[in-house]
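Below you'll find the structure, written out as structure tokens, and then a few comments.
Please treat every number below as a calculation from the coordinates, not as lab data. None of these values were measured; they are calculated from a predicted model. With ideal geometry, Cβ positions are generated from the backbone for all residues, glycine too; neighbour counts draw on all protein chains shown.
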Amino acid sequence: MPPASTPPSSTPSSADTLWYAPAQLLRLFGSSPVAMAYWGRDQRLRLASPQWCEWFGVPSTGIAGQLLGEALPPAFALQHQEALQAAAQGQRQQFDTCKTDAHGQLAWRRISLSPHLWPGSAGSKSAQGVLMLMQDCSAEYANAAQADALRAQLAALSSTNPERSEEKGELLKMRTLLDWRTAMLAEHSEMLQLLSHEIRQPLNNASAAMQATMSAIADLQLAQTTPATKALLRAEHVLQQVIGTLDNTLAAGTILAVGGRAGASSDTDLPTLVNLVLHDIAADARPRIQVVWDAEARTVQLHPALMRLTIRNLLNNALNYAPADSPVLLRLADSDDPLALIIEVIDEGPGIPDSLRPRLFEKGTRGSDHRHRAGAGLGLFIVRSVVQLHQGTVQALPRQPNGTIMRMELPQGLDD
């Protein structure tokens, strides 16, 4: 919540009203079972899904444009004031909250606050907006309570029947672990399907619609359309950020679920893959990317969906951390001995600090200057995991006089 000394303006600005289009967003997300909301720097809600409104007990009609402090219950706002303020200052937050449902049971939600930092706000400590996603984690707490109950049973058995306490204890321990694993896998599978089908598609549709609108506005060649174009670009960056976070989360969950195995690669048309990756990049950033073809092969053996996400993560990292007007090279090359495809993403950024290199590809690692990124540090973890699935290698090499070369070497012919 903003400090009392800096109250928000009484009405949303005209630039904001151009892009948040409440009716459009509600049509996109109104049928989604996911509880989510987005508010701007002025603390006014741009979007609140019906599930979000239901959880907080507020009417979904007329919610867009309402102040966040008026929509949130006072007790919730007070309890999580510190997290809300940190998100407004550009820091990603996550916490759990609960309430008693209609059946008298405790319902739990895991809340993620992802700030949106616009590149023009370099050095600023305030976010342009904050996305709140709520995930049902009631089963996790129920499983923990069940495990506690079984442990209590185990202790009781041990005290009443010392002769067989060890045998019964092992059986109860195995049953506890099995029940917990089954519940977690079921919840994991359900959440992956939910995110995949109910969130990503409307986000992609919205991004495509915004790009088409920007193209139509550009065709008009009117000076007064510039504010609208900038507002749409800002909205597209928000959507691309959310899509990237969801894709990385889905990929991480999928890789963990299959235990590091992803089946056989398939023959993939390399130019088509590159075109799909470029389409994933925000429209205003694409002109900075220069593709260098040093590869003769046009059909390669890859997992196309995972590799598309991997290259996108490397490109977005380079675009975000390198100077705003500098080019980013995507180089594709062949290696005959050993037979491999080499993919390099080359930037002119400040390079990677020596202190960061040992944990560069670990989950949760982020650069020291991550003001433009509000993710959870999954990007390079996904890169390494996907490269390992391909039995390949990835390296972060220094570039002279400055910059970084992210180099992936992916063996070919392994399925022959």
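In terms of modelled amide H atoms, which long-range or inter-chain residues lie less than 5 Å from the amide H of A35?
So A35 has HN proximity to M134.
Sort 54-61, 342-349, 312-319 by packing, meaning the average of other beta carbons within 10 Å per residue, with the highest value first.
312-319, 342-349, 54-61
Could you sort the peptides 293-301, 276-284, 404-412, 100-108 by per-residue average Cβ neighbour count (10 Å cutoff), highest mean leading? Walk me through the numbers on the way to the answer.
On the way: 293-301: 13.8, 276-284: 16.8, 404-412: 20.2, 100-108: 10.0.
Top of the packing list down: 404-412, 276-284, 293-301, 100-108.
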